[in-house]
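Just below is one structure, and these are the notes that go with it.
The values are calculated or read from the model by the stated rules, or taken from the named source; none is laboratory data. Here the structure is a predicted model, which is why all the values come from computation and not from measurement. Note that each Cβ is placed from the backbone with ideal geometry, even for glycine, and that neighbours are counted across all protein chains shown.
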Amino acid sequence: MSAELKNLFPKHVWGYFYDLTQIPRPTGKMEAVTRYVIQFGKSLGLETLQDEVGNVVIRKPATPGCENRPPVILQAHLDMVPQKNLHVKHDFEKDPIDAYIDGEWVTARDTTLGADNGIGVALAMAVLSDNSLKHGAVEALFTVDEEVGMDGALGLKPGFLCGRTMINCDSEEEGELFVGCAGGADINVSLQFKDDPYVPEGDMGVRLSLTGLKGGHSGVDIHLGRANANKLMFRFLKEAVCDYGARLAFIEGGSLRNAIPREAFAIITIPGDNAEALWELVADYQDMYRMEYVGIEDKITFTAEEWKLPASLIPEEIQDDLINAVEACQNGVISMQHDFPGTVESSSNLALVKIGEGKVDVKILVRSSSETRKQAVCSSLESVFALAGAKVEQASGYNGWRPNIDSPVLKIMKETYKQLYGKEPSVKVMHAGLECGIIQGIYPDMDMISIGPDLQFPHSPDEQVNIASVEKVWKFIVAALERI
């Protein structure tokens, strides 16, 4: 049961995280969770403000003797990614998360856990409520709607924050200090068409299901080489159409722009004489995918079943052009950084594909720590879908966070970590998007760093957070606040 989390240490951190698991908070549904943090701040007698886009800031005064120190901002986002396993009945707008302890980790049953970024929120809340700590003035900034478009950070206004030193609590590797991150841009592909009412005589309907992929965070996990369900499905469709006479009626794959697609489904027709050959082809592709992704994916399942014959089909020319475009679409890691070896510079995530009922809707998330590389990837994607006759728009672009190796807060955090744990922390740049880049654009003189506990498989139902690492991060924050 989720309530067992309250017995973990530090108890107040885990207690606040438990509360968050009980509040539905998918991106776009922030009313309940913002109400919760506002009531929390006011219950402590602390100054609590909300801006016009929904972000909340809670200010705690300096402890005696620390009044002359500059304010420090602790920042985390309130929303979570709503992902669940196939056939799981869970309404992310109504149902609490069923979190539980699994050995050294906390995870959830069949859904995302929301430790991204609920643990960061809980850490900041614990600082606000713990009067035994020694620190200068603290501002806790809780942003809304980070996971889709970073709308909360984009809506911040100059003057809402007093501090100019910020600790972002949204990274996912304990013992690593992040000083930069990638920027991003959404590519939206659309096309309208008239369904072809002619279904060849003698054809039968078939439903294809590709499931069991790991998915994951399209920034943090993109370098792991996991399969993209959309790419695998279209790879199969190309051969099925070219060599087996298949026609496409409908396809839908992926669910969120910042999650690697785990599932894809298609409705096709096939000449009845080719049915047995198609079943064999599906089985062959399942074996091939499992072999290609051995050691990376362990549950790839690709099946075909007879289905109701569709009333219409996607016009053949549009079908062929889109299959070619998705096949040609860049996906995964595109370039690596030179100054931070082992860190992805640019990537593309073919996140959502939905074609049918007269419409095409494709969404791709491009990430890059280089603005020029980001635009180059976006241009390439625009070209490939424009060749298929589709309309391509770039939206929701946000800047990356430029590293500053001379950062004062970085120096203090490195010294503090070594003093606490006897070793130097790693200093890294993250390929995932953090709100730091956007906040830096609004507050150019902000000195920032990002930290967090060990969090695995965010944006997927396998998400889990390491218990011991939460305690280490808590002690790190407490010690750092004494020195900043």
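What's the total number of residues in the stretch 381-409 that are more than 19 Å from Val360 (Cβ to Cβ) and touching a residue at least 40 places away in the same chain (Cβ under 8 Å)? Total meeting the criteria: 13. Among strands (runs of 3 or more DSSP E) entirely within the stretch 267-366, having at least 3 residues that are surrounded by 20 or more Cβ atoms within 10 Å (Cβ to Cβ) singles out 344-356.
Just to check your reading of the model, which residue among Val56, Val33 is under 14 Å from Ala140 (Cα atoms), in the same structural domain as Gly163 (by TED's automatic domain parsing) and buried (at least 18 other Cβ atoms within 10 Å of the Cβ)? So that I can check it myself, show each step before the final result.
Values: Val33 fails: under 14 Å from Ala140 (Cα atoms).
Sole residue among the options that is under 14 Å from Ala140 (Cα atoms), in the same structural domain as Gly163 (by TED's automatic domain parsing) and buried (at least 18 other Cβ atoms within 10 Å of the Cβ): Val56.
Confirm whether Leu210 is within 25 Å of Asp298 (Cα to Cα), crowded, with 19+ Cβ neighbours inside 10 Å and either modelled with pLDDT of 95 or more or outside the structural domain of Met336 (by TED's automatic domain parsing) (or both). Taking the combined requirement at face value, the residue satisfies it. Remark: pairs (first residue in the stretch 61-77, small (Gly, Ala, Ser); second residue not in a loop (DSSP other than H, G, I, E, B); Cβ separation under 7 Å; 6+ apart in sequence or on different chains) = Ala76/Asn117; Ala76/Gly120; Ala76/Val121; Ala76/Ala124; Ala76/Phe142. Across the stretch 7-30, the number of residues qualifying as more than 14 Å from Gly118 (Cβ to Cβ) and either basic (Lys, Arg) or not assigned by TED's automatic domain parsing to the domain that holds Val478 (or both) comes to 2.
Pick from Gly389, Gly358: which is of a type outside the set (Ser, Thr, Tyr) and touching a Lys or Arg at 6+ places or on another chain (Cβ under 7 Å)?
So the residue among Gly389, Gly358 that is of a type outside the set (Ser, Thr, Tyr) and touching a Lys or Arg at 6+ places or on another chain (Cβ under 7 Å) is Gly358.
The criterion of at least 1 residues that are in contact with a strand residue (DSSP E or B) (Cβ under 9 Å, 6 or more places away or on another chain) and acidic (Asp, Glu) is met, among strands (runs of 3 or more DSSP E) falling completely within the stretch 126-225, by 138-143, 176-181, 183-192, 203-211. Looking at Ile355, Ile364, Ile318, can you tell me which residue is touching a Cys at 6+ places or on another chain (Cβ under 9 Å), in contact (Cβ under 8 Å) with a residue 60 or more places away in the chain and among the hydrophobic types (A, V, I, L, M, F, W, C)? On inspection, the qualifying residue turns out to be Ile364.
Taking the stretch 383-398 as the search range and keeping residues that are of a type outside the set (Phe, Trp, Tyr) and buried (at least 18 other Cβ atoms within 10 Å of the Cβ), which one is nearest to the chain's Cα centre (by Cα)? Among those residues, the one meeting the criterion is Val392.
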